[in-house]
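Shown next, in structure tokens, is the structure this report addresses.
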Amino acid sequence: MGTGAVDFSHGTGRFSPHDVPGMRKIIHLDMDCFYAAVEMRERPELAGQPVAVGGGGHRSVVTTCNYEARKFGVRSAMPGFMARERCPHLVFLPLRFDLYRAASQRIRRIFQEYTPLVEPLSLDEAYLDVSSSERYAWDIAREIRARIREETGLTASAGIASNKMLAKIASDWRKPNGQFAILPDQVAEFMKGLPVRKIWGIGPKSAERFAARGITTCGDLQRFSLAEMVARFGKWGGELYHLCRGVDDREVMPHRISKSLSNETTFSDNLVTLAECREAVGGLARELLEELGAKSPGRKIRKAFLKVKFADFTRTTRECLCNAPSVGVFETLLEEAFGRKNLAIRLLGTGVRFEEENLEAAALAQPELFGFSLFSVG
Ligand code: TTP
Ligand code: MG
């Protein structure tokens, strides 16, 4: 098997697994200005106008905006007043998660028709491993984008490469409504000029620190040996050594859907009084609620529960039906559980169970799927 099937010009590359034995073909698909695009589809009269979506009210924040608004400098996570300053004609719309989830489910169903190896990263993006297909990944990506357009009225962009990191970088290259491939024999050249900021895990702060040392591109980073990288940056340095060369062996992981979210603490000294326990439960509950808000937005909650392990290692769980848990709900559960045994408590935990029929949507709204923090201003 030769390399004859490789046909490349300006990112319109095609490659098949037969060219390089064992090589993977990964597609990263990402919807264009997703929430804003859904809103525009629902209101065709807004075509051509700058549109942002976000939380309403005085302290509103832009969640995302369409490309017209981006021309004015409007960006995700920007306070609403600043967005309006930059773009006085901005149409600012409230969020409608149900619509985004529905669109998201449809695109995921399309992905599943091409491969079972689909790893959603958020409502609007996913990795697909199409290595086992005989077809060019390039053609599969084009077909998927056409079907998304047909079935949802929305546009998507795609990146095609031999690993996840490169595919994700590539999907940004021809946005909106485009696709870009990085072929195996172009990786070395591509990485040399790539800003370090584009590497997963390097945020604006790390990028600044690198820049202060004269490192702005992956090519600059490549000058350090593996030993030097580990000495400077620890374990992450070892990963970075490979990533900055475009090497990334992470597999596409089809998603496991969690049915609950919980936390717990084992105390170094057992808790004896109800007041001590209430304080601990308050802390755990606040942490849980924060995590829920940040990582599982839009998931429907069915139950709240409290876990207790007593000094004699016996356990008990108290739970109640509850769609909107609060610290008070967990305190009530604690009061019920506390009276069960006349023993000190060595572990407490708080948690919620999600609605089961919502599992499909859940897969799309899960913690680790969000590569960004919601509404993170500044
Ligand atoms: P992105 O894919 O990052 O952005 P986008 O789809 O709006 O635009 P692009 O064309 O550049 O891909 O995020 C997908 C959706 O996630 C987005 O429509 C809104 C939401 N989102 C947040 O909730 N918070 C954020 O900070 C960002 C960036 C996006
Ligand atoms: Mg997107």
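Laid out as a table, the results:
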item: Estimated [θ] at 222 nm from DSSP helical runs (n ≥ 4, -39500 (n - 2.57)) normalised by residues in the chain, nearest 500; result: -11000 deg cm²/dmol
item: Packing-based order for 154-163, 111-120, 60-69, using average beta carbon neighbours within 10 Å, highest first; result: 154-163, 60-69, 111-120
item: Theoretical FRET efficiency, 1/(1+(r/R0)^6), r = Cβ-Cβ of E85 and A146, R0 25 Å, to 0.05; result: 0.05
item: Neighbour-limited loop hits for GluC sites (Glu not before Pro), the range 199-243 (at most 15 other Cβ within 10 Å; DSSP other than H, G, I, E, B); result: none
item: List S104, S206, ordered by accessible area with a 1.4 Å probe, largest first; result: S206, S104
item: Assigned charges on the beta-carbon of Lys, Arg, Asp, Glu; the chain dipole about Cα centre (debye); result: 460 debye
item: S132-F267 pseudo-label distance in nm [points 7 Å out on the Cα-to-Cβ vector]; result: 5.1 nm
item: Relative contact order [Cα under 8 Å, 6+ residues apart], the range 185-302, whole percent; result: 20 percent
item: With every protein chain in place, the chain: carbon and sulfur % of accessible area (1.4 Å); result: 53 percent
item: Cysteines without a disulfide-compatible neighbour (Cβ-Cβ under 4.7 Å), the chain; result: C33, C65, C87, C277, C320, C322
item: Hz values of 3J(HN,Hα) by residue in the range 143-157 - Karplus curve (6.51, -1.76, 1.60), Gly and Pro given as x; result: 5, 4, 5, 5, 5, 4, 4, 4, 8, 10, x, 10, 9, 9, 10
item: Average accessible surface area per residue within the chain, 1.4 Å rolling probe, Å²; result: 49 Å²
item: In the range 282-359, the chymotrypsin sites (Phe, Trp or Tyr not before Pro) that fall in loop regions by DSSP, at most 15 other Cβ within 10 Å; result: F313
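The values are calculated or read from the model by the stated rules, or taken from the named source; none is laboratory data. Just so it is clear, the model here is predicted, and its values are computed rather than measured. Glycine gets a Cβ as well: all are built from the backbone with ideal geometry, and neighbour counts include every protein chain shown. Note: areas computed on protein heavy atoms with side chains; ligands, DNA, RNA excluded. Shrake-Rupley method; radii C 1.70, N 1.55, O 1.52, S 1.80 Å.
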